[in-house]
Amino acid sequence: MSRRRKTLIVAGIVFGVAIILPVIRHYQLRFAVESYIAELKAKGEPMELAQVIPPPLPPEQNGVPFIISSLTNLENKYRSIVQTNSPTAMCEVLSGKAMVRWQQPAIIGFNENTWPLTNNLMTNTWEDLGNELASIKDDLNTFQILTNHQFLDFNLDYQQGYNIRLAHLAKLKRAAQWLNASALYNLHERKTSDACADVHAMLAIVKGQTDEPQQISQLVRSAIASQSAQMTWEILQDPNVSESDLASLQQDWESVEFIGAAKRTFLAERVINLNSMEHFLLNSFDLWRGVSGNDKEISWQLCKFQWQWFWAYADEKRMLQTYQVLADAVRMAETNCSYQSAQKFARTNLNRLGFEMQLPLEGTYRMDIDQFGVRWLLSEDAFDSFQLLRRVMVFETTKNMTIVAIALKRYELQHNVFPPTLESLTPAILKTIPLDYMNGQALHYRTNPDGTFLLYSVGENGVDDGGKTAIHKWWEFYWFADTFDLVWPQPATEAEIKFFYEHPPK
């Protein structure tokens, strides 16, 4: 046999092996994914879309038809005060101190584009806001209907996976912003019951979105819940607030939940991502081309080929494992009511999957990725859902602090003094004392010599810092997110407010 013939035979064998081995490896990885899915099903995990999405609502229970027109009208109110200089509630000015917005003579905000230059303050009058609110009074009143139709079904097509349309979320957030402004205006006009009705409508939106298993939907819920908590704080500063209004607000807050909604979201997004796998393999992968900034066609096609044949199924399995860790962490939180335990469990198990997580857990991580940043396309997206676990635990704490604050105000109305301990609130006002979901223990409370009180959670670090908090940028709604304690603030003085405007936090 000639040398040339031998060379061709060897080259043919090498070429054949080069073709066969990737195919074998591809199907090995695919089999590993199928085996893992079968393992999850054997454990009773829901892996079918019908098991994880909410069933259609009967038309008579769905509040969407009643508000759909108002949602569009409010979103289309361009260049309004609410859009350009929205009067945010409970603006923190010092550690543990907040401005009572409705007591201020005008609506003053910073121009975000030039902040913190104090000569660029934006000012509007309450009268101007009142005129705007009067022009949309019917639209705002429509949301009161939701107190009797507390389910919102926007008929989402979950079969679309990553292409699902969620245009309603921006409208809901804008509507909550208008209701927030209306509540502040009503307090300024000393219409406390009307302000309470606005908060009831905001919480109706929060409760109506409970069963929408999309991460962004739950994050929008948390943002509206934050506004509602801040607005409740403003109501508690009104000396004319009635016992009946407070009792109704307390009952409304007690019916809000976040942890169960997060668990359902993790389970749903796992299945939705799984069903979107074929879409990623055939279509969506090319969307990451713009993100990578790559203009070398050959290199890009090679990377795409690598992902489809070598990385895709390993990425898919890691995605499934990531959602399983997050779902199990939420289940743990449902049992022991402790973010510290849940995040420790999540951190340990996500590290085993190749995520290097750090504290505070802001979603910081590092993974071994390719030059285009797409090797872990699916699992990286799944890991981003960790922020939802963090948010819902903080907002369960927020909810409980709000409930306790309402109960403290009710006790003060009944006894003309705040209680010496939280146990004094039971059983007349509270059946049980709500927990601090940051560590699963009691919230911290004590009365002050000046007749006020200090109510706080240990915060995300799990350490009792004695009620120490930190100041955030003035426009951030998410005031509870903190590495120190989470403090229910007391009203700031005029001097403290003046100092805030002259020296805004950076």
Flag if LEU413 is surrounded by 15 or more Cβ atoms within 10 Å (Cβ to Cβ) and at pLDDT 95 or above: no
Of residues in the range 435-493 being under 29 Å from ILE107 (Cα atoms) and hydroxyl-bearing (Ser, Thr, Tyr), the one modelled with the lowest pLDDT: TYR478
GLN83 being surrounded by fewer than 19 Cβ atoms within 10 Å (Cβ to Cβ), modelled with pLDDT of 85 or more, within 25 Å of the chain's Cα centre (by Cα) and under 30 Å from LEU236 (Cα atoms): yes
Which numbered condition THR232 fails, given (1) surrounded by 22 or more Cβ atoms within 10 Å (Cβ to Cβ); (2) of a type in the set (S, T, N, Q); (3) farther than 19 Å from ALA405 by Cβ: (3)
Subset of the range 123-154 [outside any helix (DSSP H, G or I) and either in contact with a helix residue (DSSP H, G or I) (Cβ under 8 Å, 6 or more places away or on another chain) or surrounded by 15 or more Cβ atoms within 10 Å (Cβ to Cβ) (or both)]: ASN124, ILE136, HIS149, GLN150, PHE151, LEU152, ASP153, PHE154
In the range 157-175, residue farthest from the chain's Cα centre (by Cα) [restricted to those that are of a type in the set (Gly, Ala, Ser) and in a helix (DSSP H, G or I)]: GLY161
Verdict on SER70 being modelled with pLDDT of 85 or more, closer than 28 Å to SER255 by Cα, among the small types (Gly, Ala, Ser) and not assigned by TED's automatic domain parsing to the domain that holds GLN321: yes
Scope the range 88-105; condition at pLDDT 90 or above and surrounded by 18 or more Cβ atoms within 10 Å (Cβ to Cβ); matching residues: ALA89, MET90, LYS97, ALA98, MET99, VAL100, ARG101, TRP102
Within the range 176-277, helices (runs of 4 or more DSSP H) holding 3 or more residues that are outside the structural domain of THR88 (by TED's automatic domain parsing): 259-275
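The values are calculated or read from the model by the stated rules, or taken from the named source; none is laboratory data. Note that the structure is a prediction, hence the values are computed from the model and not measured. Glycine gets a Cβ as well: all are built from the backbone with ideal geometry, and neighbour counts include every protein chain shown.
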